[in-house]
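Notes for the one structure printed next.
The values are calculated or read from the model by the stated rules, or taken from the named source; none is laboratory data. This one's a predicted model, so the numbers in the text were calculated from it and none came from an experiment. Because the Cβ atoms are built from the backbone with ideal geometry, glycine has one as well, and the counts that use them run over all protein chains shown. Accessible surface areas use protein heavy atoms only, side chains included; no ligands, DNA or RNA. Shrake-Rupley method; radii C 1.70, N 1.55, O 1.52, S 1.80 Å.
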Amino acid sequence: MPLSRGRDGRLLIGPGKDVHVRVPNATGEVEVFAANTGHMRVACEAGGKIDGVSFRGEHPIAAGQLVEAAGITFTLLPWRPGA
């Protein structure tokens, strides 16, 4: 499953020059996006871990979960309008 390289409202995180969030020491790219249902998802060809549980390809994520993939670690925070 090739990543869409940040198209269609996807946030692309990685080491390259054409990413939205540059992580120079990352070993690959991670995409964060909202599915058609509105639920958030993460995608990484190499897979990774969400709260310590392995995933491959694309997987749903929720606010507060710790994502580790391709040398990138982040926590998705809830969106609060006007904050």
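Here is how the numbers come out for the structure above:
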| quantity | calculated |
| --- | --- |
| Filter pass, Leu76 being at pLDDT below 95 and not small (Gly, Ala, Ser) | yes |
| Test: residue in the range 35-56 that is in contact (Cβ under 8 Å) with a residue 60 or more places away in the chain, open to solvent by less than 70 Å² (accessible area, probe 1.4 Å) and not hydroxyl-bearing (Ser, Thr, Tyr) | no |
| Residues that are open to solvent by less than 20 Å² (accessible area, probe 1.4 Å) and either touching a residue at least 40 places away in the same chain (Cβ under 8 Å) or at positive phi (or both), drawn from the range 58-80 | Ala69, Ala70, Ile72 |
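Residues checked against (1) modelled with pLDDT under 85; (2) more than 10 Å from the chain's Cα centre (by Cα):
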site: Pro2; (1), (2): yes, yes
site: Glu29; (1), (2): no, no
site: Gly57; (1), (2): no, yes
site: Leu66; (1), (2): no, yes
site: Ala69; (1), (2): no, no
